[in-house]
1. Pairs needed: first member in the range A:57-68, without any contact (Cβ under 8 Å) to a residue 60 or more places away in the chain and surrounded by fewer than 16 Cβ atoms within 10 Å (Cβ to Cβ); second member anywhere, in a helix (DSSP H, G or I) and not aliphatic (A, V, I, L, M); C-beta distance under 6 Å; at least 6 residues apart or different chains.
2. Considering each of A:Arg158, A:Arg93 in turn, give the residue that is of a type outside the set (Ser, Thr, Tyr), over 28 Å from A:Asn38 (Cα atoms) and within 14 Å of chain B (Cβ to nearest Cβ).
3. Which pairs do you get when a residue that is within 7 Å of chain A (Cβ to nearest Cβ), found in the range B:124-139, comes within reach of a residue that is surrounded by fewer than 15 Cβ atoms within 10 Å (Cβ to Cβ), reach meaning Cβ atoms under 7 angstrom, with the pair 6+ apart or on two chains?
4. Listed residues B:Glu3, B:Glu87; which is modelled with pLDDT under 95 and either of a type outside the set (A, V, I, L, M, F, W, C) or within 13 Å of ligand 3 (Cβ to nearest atom) (or both)?
5. With the requirement that a residue be away from every other protein chain (no Cβ under 14 Å) and in a loop (DSSP other than H, G, I, E, B), what does the range B:101-118 give you?
6. Taking A:Leu82, is it closer than 29 Å to A:Ala34 by Cα, out of contact with any His (no Cβ under 9 Å at 6 or more places or on another chain) and in a helix (DSSP H, G or I)?
7. Specify the residue that is modelled with the lowest pLDDT; the eligible residues are those in the range B:119-150 that are assigned to a helix (DSSP H, G or I) and among the basic types (Lys, Arg).
8. Using the structure shown, decide if A:Leu97 is farther than 22 Å from B:Gly155 by Cα and in contact with a Leu (Cβ under 7 Å, 6 or more places away or on another chain).
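The values are calculated or read from the model by the stated rules, or taken from the named source; none is laboratory data. None of these values were measured; they are calculated from a predicted model. Here the Cβ is made from the backbone with ideal geometry for all residues, glycine too, and neighbour counts use every protein chain on show.
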There are 2 protein chains.
Amino acid sequence: MTETQKACNPGPATHDHRRCIATALREAEDLCRARAVNLTATRRRVLELVWQGHEPVKAYQIINNFRAGHQATKPPTVYRALDFLMENGLVHRIESLNAFVGCTRPENRHQADFFICTACHRVDEIDSGKIAATFEKLARQQNFTISHKTVEVYGLCRACHEKTGEQFHA
Amino acid sequence: MTETQKACNPGPATHDHRRCIATALREAEDLCRARAVNLTATRRRVLELVWQGHEPVKAYQIINNFRAGHQATKPPTVYRALDFLMENGLVHRIESLNAFVGCTRPENRHQADFFICTACHRVDEIDSGKIAATFEKLARQQNFTISHKTVEVYGLCRACHEKTGEQFHA
DNA sequence: GGACGTTATGTTATAATATAACGTTGATCA
DNA sequence: TGATCAACGTTATATTATAACATAACGTCC
Ligand SMILES: [Zn+2]
Ligand SMILES: [Zn+2]
Ligand SMILES: [Zn+2]
Ligand SMILES: [Zn+2]
């Protein structure tokens, strides 16, 4: 079976996710045009599938859901598209899940840090220079020179925390 | 071929790593005895192999190097041993590398954050409550309730930075 | 003592994630 | 025209991890 096109995350604030997708695709088109890189049909389709929700999406979900029109596709095609999308800051990889999420602010390139809800799986980018500053300070203390980092913080998002207090773990 | 039993990390401060291994094994024995959990021969051997250096070690390196005396072993055995060692805080997993490192201070249980050198691959645990405090503050701002996190910071360690300034990337 | 539970390990097979290597196509342009 | 290039297709395989079931070793309860 193809994986279900999950409804957007639970919680009171469920929204019209088609707008999220449309916005993401439009921004991607604009950015790629501006940067003179080629957002091909394949890459656009992969981006659309990454944006099927605000949860991380696995490569093989994309592969299995790909059939645009009538086409199946194979792992290298999708991994290449993901590489392109990551290079261009349109998608981030969540290392601890082997999965991918659409970037919510691709217009300025960045490495992102994440809050990840263990209940609804929603991912939010942590928007803060404070983290970088904290790490830089610690790094200086041991003469470590930072180049990049993986920061993935798990817990309950507001909605899930309010809803349940206790019933979730993982 | 079996993977090479790598010499300890490069850098001026190369040390007698046999002592690191011996210490780690002794501490593991003491802790397991104190906690009344069973550090079996298999688990001890896996721990020894994780400690073959200060670099992360991959599960299949352990599987391939295992043959203690004469025995080969299979993935489930090693993954189970790694699960035991992680549950007991003797080993940490590096998510972004799919690899494992020995814990340097197993006597008090903790989730660790890491500095990882992209040149010599040395891993050091970041010892600081400041990181946790920074994240807690950000989390409170968006009503996120943290349960655990993956923090893996890449760059150059002191020795590698001094040695080369520029010649490494990755 | 023997039925049973428990913990750890063995064994077989396979799932899930990712890449290597090489071939094809279609656009561009000297 | 044919060299070059970017993107994609295709086949195969590498790498990482787990499911499912069998066995062994040991203690304990009657
Ligand atoms: Zn949405
Ligand atoms: Zn949630
Ligand atoms: Zn050492
Ligand atoms: Zn180094």
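1. A:Ala68/A:Arg45
2. On the way: A:Arg93 fails: over 28 Å from A:Asn38 (Cα atoms).
The conditions single out A:Arg158.
3. B:Thr134/A:Lys130; B:Leu138/A:Lys130
4. Working: B:Glu87 fails: modelled with pLDDT under 95.
Result of the check over B:Glu3, B:Glu87: B:Glu3.
5. Keep residues of the range B:101-118 that are away from every other protein chain (no Cβ under 14 Å), which gives B:101-103, B:105-110.
Within the range B:101-118, B:Cys103, B:Arg105, B:Pro106, B:Glu107, B:Asn108, B:Arg109, B:His110 qualify.
6. Working: closer than 29 Å to A:Ala34 by Cα: yes; out of contact with any His (no Cβ under 9 Å at 6 or more places or on another chain): yes; in a helix (DSSP H, G or I): yes.
So A:Leu82 fits the description; yes.
7. Our first condition is that a residue be assigned to a helix (DSSP H, G or I); within the range B:119-150, this holds for B:129-141.
Now drop any that are not among the basic types (Lys, Arg), which leaves B:130, B:137, B:140.
Values: B:Lys130: 84, B:Lys137: 93, B:Arg140: 95.
Filtering the range B:119-150 for residues that are assigned to a helix (DSSP H, G or I) and among the basic types (Lys, Arg), the one modelled with the lowest pLDDT comes out as B:Lys130.
8. Values: farther than 22 Å from B:Gly155 by Cα: yes; in contact with a Leu (Cβ under 7 Å, 6 or more places away or on another chain): no.
Against the criterion (farther than 22 Å from B:Gly155 by Cα and in contact with a Leu (Cβ under 7 Å, 6 or more places away or on another chain)), A:Leu97 does not qualify.
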